[in-house]
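Working notes, beginning with the structure itself.
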């Protein structure tokens, strides 16, 4: 199992997140809280014609929650709501320790680096926070 904290990509997303900012005029906003370790984030999306044109987050938390949120925001920008939900479902399955196909791992891109968190039960909720918050926005949207 690789050490997450020595992963350059992971550490870059934590120390220099590109998507951590307050968005102007988001169409969607949802708060996510992980009470077990105090991670909190607010996810903002600008969705136009079913496509996520912009994604950002604000908040605070451990390195895993912050890096995971930044990686997720990068991955879903430019994607349809359906594709963002598919990516979220894949990520959550991976983080629960389910086996994914090579193709699914490739689709997750940098998010696949968080795969080993499935072996650290105390950290799973940290990694999931942004993705569960995304589901909180998109699932009602898809049902609408």
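Read-outs: derived from the displayed coordinates by stated rules, not from any lab. Computed from a predicted structure; not experimentally measured. Backbone-built Cβ (ideal geometry, glycine too); neighbour counts: all protein chains shown.
Taken as a whole, the structure places residue 23 among residues that are surrounded by 18 or more Cβ atoms within 10 Å (Cβ to Cβ), in a loop (DSSP other than H, G, I, E, B) and in contact (Cβ under 8 Å) with a residue 12 or more places away in the chain.
Okay, residues lined up against (1) within 21 Å of residue 107 (Cα to Cα); (2) surrounded by 14 or more Cβ atoms within 10 Å (Cβ to Cβ); (3) touching a residue at least 40 places away in the same chain (Cβ under 8 Å):
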site	(1), (2), (3)
31	no, no, yes
38	no, no, no
58	no, yes, no
64	yes, yes, yes
75	yes, yes, no
85	yes, yes, yes
96	yes, no, no
